[in-house]
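Data first, discussion second: the structure below is written as structure tokens.
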Amino acid sequence: MSNQQWLSRSLAAVWHPCTQMKRHERFPLVPIASAEGAWLTDFDGKRYLDAISSWWVNLLGHGHPRIKAAITRQLDSLEHVMLAGFTHRPAVELAERLGALTGLGHAFFGSDGASATEIALKMSFHAWKNLGRVEKNRFISLENSYHGETVGALAVTDVPLFSATYAPLVRQGLRVPTPDARGAAPGETAADVAQRAARALEACLDANADSVAALILEPLVQGAAGMAMYHPDYLRAARALCDRYDVHLIADEIAVGFGRSGTLFACEQAGIRPDFLCLSKGITGGFLPLSCVLTRDEIYRSFYSDDIRHAFLHSHSYTGNPLACAAALAVLDTLQDEDIIAVNRERSARFGALLAPLAAHGAVRHFRQQGMIWAFDVDTPRGDFAQAYFAAMLERGCLVRPIGTTVYFMPPYCLKDEEMAMLGDAALDALDALGRDAAGSAPQPALP
Ligand SMILES: *Cc1c(COP(=O)(O)O)cnc(C)c1O
């Protein structure tokens, strides 16, 4: 079957995520037949470089042989068993490995990122409740935060396009200024912005800590806000303030974990340990849905008692799925055996050099990089920039999905120098093409 046939069947049967379906009257869906490495192939044989790792999940490349083999091997013995009252090798081994890598433990598994956020928020509140402090039931999040889109997660997600419609359903938390380095006043450094944001956090805690269970944040990079990057000083300050005011720190490394930020986990760059760590997305290399929340012994112990009401009574049917855990173990093995964090350091330095002409383009503002993430803002009069740029890049054989006027690359770690060079060339060419056709059409909202 051709692209055309699959896309019309899809429009009739599938409700696609994060999409105004009517827009597909003008912008066709792209049906994908197969994928390998950094490349997607459609049903007509056209190839696209997956420059955003299929919404940030595909860590090591599509069809990665080691992950495929691990899932296949696991299929031969056990596809799934419930994790309440039962256990199995992949869940135990993955929990042990993640514990050793993070200095946290007691891995609680979920299925998606948003479910990890829900788990961490509920656990934090419940841990305080178990200590008799029921009044600690609010959460602080950062301006421009994104922690998922279930009703609970929306309370700590500051993307009005996603949350405003559902406001009557959501119990709004407290919001503090973002340390986004782009907010620097003339003469200010990223560290100055971090200090300023930390003072605002201190003021918020000073006024509200008695009713606050936790601060939740995305360490170093606020992804869905448009890859807003900030100085690690903010994380150090946040850790110290949470300690001082008796508030948990939840680090949402769903997007930046597993090497994306340049270290295995972004918190390492600030030398801090959170009270809860949320992981998902790259955890299975983009093969299967899995998420995980890790926490400290002391918090775990507050749930451990003879009273059932002290227990964390939360579950998802596929909690700790063995196939997903086996994929995650293969990802950890690969990161370790191929020393991928170190290899990425050199790779990202070379990629940075390849992207220098793009960074120097007249319409490019705030060109920035953190680990294996590159982003820049485009000075454009076009209200429909994101959609038009997406289409222009697709024509040039690249998948990017700008957020508003921010373009970012978040490629799988297997990306080769010549592929990055091609991506940089296509990005420049598309910028020029859109610049020549500056009129554009009606403004469109920013979607991640
Ligand atoms: C994607 C993301 C989530 C939500 O994950 P889903 O699997 O889409 O529910 C939460 N937090 C951050 C930082 C994310 O990037």
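The values are calculated or read from the model by the stated rules, or taken from the named source; none is laboratory data. Owing to the predicted nature of the structure, the values given are computational and were not obtained by experimental measurement. Cβ coordinates were reconstructed from backbone atoms using ideal geometry, including for glycine residues, and neighbour counts include every protein chain displayed. Calculation scope for accessible area: heavy atoms of the full protein, side chains included, ligands and nucleic acids excluded. Shrake-Rupley method; radii C 1.70, N 1.55, O 1.52, S 1.80 Å.
The LYS68 and ARG47 beta-carbon pair, evaluated with R₀ = 22 Å, returns a calculated FRET efficiency of approximately 0.60.
For the stretch 204-307, what does the alpha-carbon gyration tensor say about shape, rounded, prolate or oblate, given a ≥ b ≥ c as the root eigenvalues, a/c under 1.5 as rounded, and a/b over b/c as prolate?
oblate
With each label modelled as a point 7 angstrom along the Cα→C-beta vector, the THR189-LEU428 pair spans 3.2 nm. Per-atom-type breakdown for the stretch 77-235 gives carbon and sulfur 58% of the accessible area (1.4 Å probe, protein chains only).
For a Förster distance of 25 Å, can you work out the FRET efficiency between the beta-carbons of GLU298 and ALA240, rounded to the nearest 0.05?
0.90
GluC sites (Glu not before Pro), restricted to the stretch 95-154: which are DSSP loop and have at most 10 other Cβ atoms within 10 Å?
Loop-located and lightly packed - none at all.
Near GLY103, once Lys and Arg are set to +1 and Asp and Glu to -1 for all other residues with Cβ below 12 Å from its Cβ, the sum equals -1. Converting phi to 3J(HN,Hα) with the Karplus coefficients 6.51, -1.76 and 1.60 and the offset θ = phi - 60°, the stretch 144-149 yields 6, 6, 9, 10, x, 10 Hz in sequence order, with x at every glycine or proline. Take the Cα of SER77, step 7 Å toward its Cβ, do the same at LEU101, and the gap between the two points is 2.0 nm. Judged by the ratio a/c of the largest to the smallest principal axis of the C-alpha gyration tensor, the stretch 29-178 counts as oblate, that ratio being 1.5 or greater while a/b is no larger than b/c. Fully extending the segment from ALA203 to ALA349, taken as 0.36 nm per residue of separation minus the present Cα-Cα distance, adds 48.7 nm.
Adding -39500 (n - 2.57) for every DSSP H run of four residues or longer, then dividing by how many residues the chain holds, sets the calculated 222 nm ellipticity at -11500 deg cm²/dmol. In order along the stretch 161-168, the Karplus-derived 3J(HN,Hα) couplings, from 6.51 cos²θ - 1.76 cosθ + 1.60 at θ = phi - 60°, round to 4, 8, 9, 4, 4, 9, 3, x Hz, and Gly and Pro are given as x.
By how many nm would the segment from ARG171 to CYS18 grow when fully extended, if each residue of separation counts as 0.36 nm and the alpha-carbon distance is taken off?
Contour length minus the Cα-Cα distance gives 52.9 nm.
Taking θ as phi - 60° and the Karplus parameters 6.51, -1.76 and 1.60, the scalar couplings of the stretch 355-360 work out to 8, 4, x, 5, 4, 8 Hz in sequence order, x denoting glycine and proline. Net charge in the neighbourhood of ALA190 (other residues with Cβ under 12 Å of its Cβ; Lys, Arg +1, Asp, Glu -1) is -1.
Could you tell me which chymotrypsin sites (Phe, Trp or Tyr not before Pro) in the stretch 113-166 are loop residues by DSSP with no more than 13 other beta carbons within 10 angstrom of their beta carbon? Qualifying residues, ordered by number: none. Rounded, prolate or oblate: pick one for the stretch 145-218, where a ≥ b ≥ c are the square roots of the eigenvalues of its C-alpha gyration tensor, a/c under 1.5 means rounded, and failing that, prolate if a/b is larger than b/c, else oblate. Oblate is the answer for the stretch 145-218, as a/c is 1.5 or above yet b/c matches or exceeds a/b.
Quick one: which of LYS22/LYS46; LYS68/LYS129; LYS22/LYS281; LYS122/LYS281; LYS46/LYS281; LYS22/LYS68 span more than 31 angstrom between C-alpha atoms? Beyond 31 Å between Cα atoms: LYS68/LYS129; LYS22/LYS68. Positive contributions from Lys and Arg (+1) and negative ones from Asp and Glu (-1), summed over other residues with Cβ under 15 Å from the Cβ of ARG73, come out at -1. A Förster radius of 22 Å, combined with the Cβ-Cβ distance separating ARG9 from SER34, puts the computed FRET efficiency at roughly 0.75.
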